[in-house]
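Here is the structure we will look at, set down as structure tokens.
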Amino acid sequence: HDFSPIAKAVVSTQSTGVYENIFTRLWRDSCGDYLNFGRFTDQCTTLTEANDIMVDWIIEHLNITKESRLLDIGCGRGKYAIEIARKTGCTFKGIDIVAEFVESGNELISKTQGISGELCVGSMLALSETLGAEEKFTHVMALGCLFYVHDKMALFLNNLVPHCAKDATLLIHDFSRNVPLEQVQDVLKHWRTTSPLLETQNYLETIEKNGFKVSFYNDDTAMGLKSCQWVVDVAATLSSDTTTFTFWVLRDALKARRILHNTIIATVPSEK
């Protein structure tokens, strides 16, 4: 399957030079292997704390237990799935397009006692090429990765449904736009993607039209802004090159509410 458009967008963030240096030092060394904004509450002082809070929030709101089987799409190094499994005893599988993430994540899994799971290289647009034909999950997470495929959301959702168990729960942590598309082109450039960002209501309608029922939605832009500001502040201590590491562009868009940061929970109806 040709998933080069996603690969080029994601892997470009791993290119040599300043960006790679800041990216590695920030996300791996400063954030404890988490690659997400988490839930940056008033009690947080670091992004690691925000992501630890997110882990507990996910377990509580998705009711993940020892019997759960979790699929983490765009899993990065699998830190979320690993921590959730460590706390609940659930089994998991993670899929990410970046082989480096998968390799280092599987190393982390091997060093974590008492968990059962694995990470695989694959495309979120071709899940059946990575998952077994009959492989189904009770819980699915897509945290901070779907904005790369907003133009293919229907394809993503339709390909996901066959791998969802009865009454499965899907958690999405993602961005949407609150203004016309031409007013967020700077953010798309920051993300290194040409996929047009969905408007919020259209996003929710797309989920509903393609096999899922939205049961929870929250506009978490305020928390997303705090997380993004933390990234900008820490990156500034690592490099003064703001033309390469452009998280300030996303911060300004969140602050102006041109871009929204959303938490969505959806379920697969029993008849699916």
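The values are calculated or read from the model by the stated rules, or taken from the named source; none is laboratory data. What you see is a predicted model, and the numbers here were worked out from it, not measured in a lab. Backbone-built Cβ (ideal geometry, glycine too); neighbour counts: all protein chains shown. Please note that ligands, DNA and RNA were not included when accessible areas were found on the heavy atoms of the full protein model with its side chains. Shrake-Rupley method; radii C 1.70, N 1.55, O 1.52, S 1.80 Å.
Taking the DSSP beta bridges in the chain as the whole, what percent of them are antiparallel, to the nearest 5? All intermediate terms of the calculation are to be shown ahead of the outcome.
On the way: 15 of 37 bridges.
Percent antiparallel among DSSP bridges in the chain is about 40.
Restricting attention to region 88-184, lysine pairs at least eight places apart or on different chains and with alpha-carbon atoms under 20 angstrom apart total 4. Expressed as a whole percent, the accessible area of the chain that falls on carbon and sulfur atoms is 50 (1.4 Å probe). Only one item in [x] 17; [y] 38; [z] 47 matches percent of Cα pairs over 32 Å apart derived from the coordinates shown, and that item is [x]. Kindly state, to the nearest 0.05, the FRET efficiency for T194 paired with A126, given R0 = 22 Å and r defined as their beta-carbon distance. So the FRET efficiency works out to roughly 0.65. The spacing between region 154-229 and region 87-145, judged by their C-alpha centroids, is 20 Å. At a probe radius of 1.4 angstrom, the accessible area of region 55-212 per residue rounds to 40 square angstrom.
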